[in-house]
1. Taking all pairs of different Cα atoms in the range 23-79, averaging 1/r and flipping that mean, what Kirkwood radius in angstroms comes out?
2. Estimate the FRET efficiency between LEU31 and ALA72 by the formula 1/(1 + (r/R0)^6), using the beta-carbon distance for r and 25 Å for R0, to the nearest 0.05.
3. From the phi of every residue in the range 36-49, what ³J(HN,Hα) in whole Hz does the Karplus formula 6.51 cos²θ - 1.76 cosθ + 1.60 yield, where θ is phi - 60° and glycine or proline is x?
4. Let's see if you can work this out: charge +1 on each Lys and Arg Cβ, -1 on each Asp and Glu Cβ, no other charges. What is the dipole magnitude of the range 23-79 about its Cα centre, in debye to the nearest 20?
5. Separation between the TYR41 and VAL20 pseudo-spin-labels, each 7 Å from Cα along Cα→Cβ, expressed in nm?
6. Can you tell me the length gained on complete extension of the stretch THR82 to ASP61, counting 0.36 nm per residue apart and subtracting the Cα distance?
Amino acid sequence: MSDTEQQQQPTTVPNVSITVPLNFIHNVKNLITVTTARGAYKPDELKLLGTMYEFVSEMVDKANVALEEEAAKTAASTDASTDASTATDASTATDASTDASTDATKEI
């Protein structure tokens, strides 16, 4: 078997889940885009590369959606806390104002 034939045979790897930083996956996507545009791959390598690109793109897209949803939830809970705090402060201020006007009436 020649070196070229040996290099083209895919290696079988067990399907194991790992944790990889999102920026790493995004960099892999960019690397595929740039190297493909530069013509760094042979035509027979493009199908595998396209499959990899689609997989990586899907991972990045799902992660971005999850991050956006998490940010929206955080913003909503922060807004709710701020609204509740503001409502409490306004209620306390109104009570104090009412008490002050009652005291002013008594003094007259």
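1. Over the range 23-79, the inverse of the mean reciprocal pair distance is 13.1 Å.
2. In this case the efficiency is close to 0.25.
3. Along the range 36-49, the couplings run 5, 4, 7, x, 7, 10, 7, x, 6, 8, 5, 5, 4, 5 Hz.
4. 340 debye
5. Modelled inter-label distance: 1.4 nm.
6. 4.4 nm
Values in this text are rule-based calculations from the coordinates and carry no lab data. Source: prediction; values computed, not measured. Note that each Cβ is placed from the backbone with ideal geometry, even for glycine, and that neighbours are counted across all protein chains shown.
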